[in-house]
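Some notes on the structure that comes next.
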Amino acid sequence: MQKPTLPKGTRDFGPSKMIRRNFLINNIKEVFAKYGYLPLETPAMENLSVLTGKYGDEGDKLLYKILNSGDFLSKLTPDEFSKGAKEITGKIAEKGLRYDLTVPFARYVVMNQHEINFPFRRYQIQPVWRADRPQKGRYREFFQCDADVVGTDSLICEAEIVAIINEVFDRLKLNDFVININNRKILTGITEVIDAPGKESDFCVAIDKLDKIGREKVEEELLQKGFSQNSLQKMAPVFEISGSNQEKIAVLKELLSGSEIGLQGVVEIEEVLTNLNLMNITEANLNFDVTLARGLSYYTGAIFEVKMLNVKIGSVGGGGRYDNLTGVFGLEGMSGIGFSFGIDRLYDVLEALELFPDSEHVVTQILIVHFDKKTQDHGLGLLQAFRKENISCEIFPDLAKLKKQLNYANRNNIPYVLVVGEEELKSKEYTLKNMNKGEQKQLTLEQIIKELT
């Protein structure tokens, strides 16, 4: 007999976990809707032509490819086989599982541009897949929770992302976190002033690993990618920038005085901070991090990353502005910005901090229990009276001893039990038992409904 297993990096979610996940997702959905975002879903699979080339070389390696149906190998020649996997992938796999929700969203916008009213705000909560090495807090299948705006380059959108993050975390009672913000134009400016123009992609990929491998290893990687020792020496002050957000801005204005695009990035950061002030949103959890890079290659402006300070886990959210993403699908000049919460990591954080409310485990409010077929039949007649009043209820479906029925209520965290016995049939007053307090009283059906609503 084959033992059932799960692919590494994937998980089942039983009822208790799903209740908690729904609590988390519903809170985020409500905030997105409050800020004017509309719901959207796209297919799990996309054409590989849509996905490849949008995430950088490292991202492309993590794409799950779906083999073509049928005898897909029969059309390959021995010469094509000899050239290796990269050569034959396009001939045997035309589709892949989506890597994120942003690129499929850009594809959707281009395909539906004539029906969309711009600026277009959408939120999307669906699973994505990455052929990564599984580890704590990192999965091969996980949910992303995106909110994007396309069709505007207004920096008000950047400020609203900060507002959304703050409000979601306030709802979840998370207060020990930091929202790191930077701008890709600043990183491009840094490459210009350290005499490495045109190498911003390599620079961003390397510096994005700063938290994981440290400054020394980052510099080694940059040297391997063709950066000179002189460039690294000129870059040294970047690692030393500290102080308040405003103090960092002042230092950067001097460091980037020779780069027009770098200074533009600083001005954009300043405007975001100004907008936050006008919206009466605190900067308490906002940190201007000059070394924040975000590895994805499509970012062109502001970039964000959210990290918890009291739980050891990777980032729980990230995003940024992308000016050219729809351009690769034929729609030029469509600026967009988005942010994504990592549902799985946020779940782990709330669980570690014991912040899930106990009440979220309650699905059924009242269980009707009975003694025989006659009392069970009477209980069936009570079900819809409760459900009509939006009281979730169920009846124990089997003829079983009362103890077994009460144990079922306890194991499923059902707070109330209604007992139907011979006396209840005569008096039409039922025993209502509070399973948490162990108290019980005799009430009519109308009184019980009033008690529970």
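Read-outs throughout are calculated quantities, based only on the coordinates presented, and are distinct from any laboratory measurement. If you're wondering where the values come from, they're calculated on a predicted model, not measured in any experiment. No Cβ is skipped: glycine too gets one built from the backbone with ideal geometry, and neighbour counts run over all protein chains shown.
Structural descriptor for the chain: relative contact order 15 percent, calculated from alpha carbon pairs under 8 angstrom and at least 6 residues apart. In loop segments of region 123-232 as defined by DSSP, the trypsin sites (Lys or Arg not before Pro) with at most 12 further C-beta atoms inside 10 Å of their C-beta are 136, 173.
Our estimate of slack between residue 355 and residue 399, defined as 0.36 nm per intervening residue step minus the Cα-Cα distance, is 12.0 nm.
Of 347, 52, 175, which is farthest along the charge dipole of the chain in the positive direction, counting Lys and Arg as +1 and Asp and Glu as -1 at C-beta? Most positive-ward Cα: 347. Taking the charge dipole of the chain about its Cα centre, with +1 at Lys and Arg Cβ atoms and -1 at Asp and Glu Cβ atoms, the residue from 438, 395, 421 reaching farthest to the positive side is 421.
Note on region 362-452: Lys pairs 8 or more places apart or on different chains, Cα atoms under 13 Å apart, count 4. For the pair residue 112 and residue 364, label points projected 7 Å from Cα toward Cβ lie 3.9 nm apart.
Calculated from the structure at hand, Kirkwood radius over Cα pairs in Å is found among [x] 26.6; [y] 25.8; [z] 22.3 as [y]. Net charge dipole, the chain: roughly 1820 debye, given to the nearest 20, about the Cα centre with Cβ charges of +1 for Lys and Arg and -1 for Asp and Glu. For region 343-406, the set of trypsin sites (Lys or Arg not before Pro) satisfying both a DSSP loop assignment and a count of at most 15 other C-beta atoms within 10 Å is given as 401.
Using 0.36 nm per residue of separation minus the Cα-Cα distance, give me the extension gain between residue 35 and residue 136 in nm, one decimal.
33.1 nm
Each of 228, 89, 412 was placed along the dipole of the chain (beta-carbon charges, centred on the mean Cα), and the one lying farthest toward the positive end is 412.
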